[in-house]
């Protein structure tokens, strides 16, 4: 038994997503930060990054996001299937993505991280764009309490 839920409750939160891609050596998986805007999943990449290279060779991919709180008995899962497209960096969207994870005050972001890891204005930066062909949700939050007590979660 699974109870449905609105995917927006998960997609709006600063959770990690797993991006699964295909390579000649087999499937690959990468944990990623993401932003969900206008029914589109966006994440980051670099011009020479491994996920970008794999998606340029074969755009088929899957994204999985799990919200798991063992103590509260919450287990929500979202799956996005389809193909991705690699696009040029969009600095404004990248800033919104970073704000989701680092907070809205950019002056409080770690300068070293922004300069060395998340270089917003890097000309080699890319954004991976996925408009899902299918979205599925799976709520098995009753694994501790049974279905009558588990939903909706008290968050």
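The values are calculated or read from the model by the stated rules, or taken from the named source; none is laboratory data. Everything numeric here is computed off the predicted structure, so don't read it as measured data. Positions of Cβ are backbone-derived with ideal geometry, glycine not excepted, and every protein chain shown enters the neighbour counts.
Annotations
- Every residue from region 42-65 that is surrounded by 12 or more Cβ atoms within 10 Å (Cβ to Cβ), in contact (Cβ under 8 Å) with a residue 40 or more places away in the chain and closer than 23 Å to residue 121 by Cβ: 42, 43, 44, 45, 46, 47, 49, 51, 52, 55
- Residue 10 being modelled with pLDDT of 95 or more and within 20 Å of residue 131 (Cβ to Cβ): no
- Residue match in region 117-128 (condition: assigned to a strand (DSSP E or B) and within 14 Å of the chain's Cα centre (by Cα)): yes
- The residues on offer are 18, 29, and the sole one that is in contact (Cβ under 8 Å) with a residue 40 or more places away in the chain, surrounded by fewer than 17 Cβ atoms within 10 Å (Cβ to Cβ) and in a strand (DSSP E or B) is 18.
- The listed residue being under 23 Å from residue 94 (Cβ atoms), out of contact with any helix residue (DSSP H, G or I) (no Cβ under 7 Å at 6 or more places or on another chain) and not in a strand (DSSP E or B), out of 9, 48: 48
- Selection count where residues are more than 15 Å from residue 132 (Cβ to Cβ) and in contact with a strand residue (DSSP E or B) (Cβ under 8 Å, 6 or more places away or on another chain), scope region 35-56: 10
- Residue match in region 29-47 (condition: within 17 Å of the chain's Cα centre (by Cα) and at pLDDT below 90): yes
- Identity of the residue in region 71-88, over 17 Å from the mean Cα position of the chain (by Cα) and surrounded by 13 or more Cβ atoms within 10 Å (Cβ to Cβ), that ends up nearest to residue 11 (Cα to Cα): 74
- Among the criteria (1) under 8 Å from the mean Cα position of the chain (by Cα); (2) at pLDDT below 95, the one residue 25 does not fulfil is (1).
- Subset of region 99-135 (residues that are in contact with a strand residue (DSSP E or B) (Cβ under 7 Å, 6 or more places away or on another chain), exposed (fewer than 13 other Cβ atoms within 10 Å of the Cβ) and modelled with pLDDT of 85 or more): 133, 134
- Search result, residues across region 62-115 that are touching a helix residue (DSSP H, G or I) at 6+ places or on another chain (Cβ under 8 Å), assigned to a strand (DSSP E or B) and within 13 Å of residue 34 (Cβ to Cβ): 65, 78, 84
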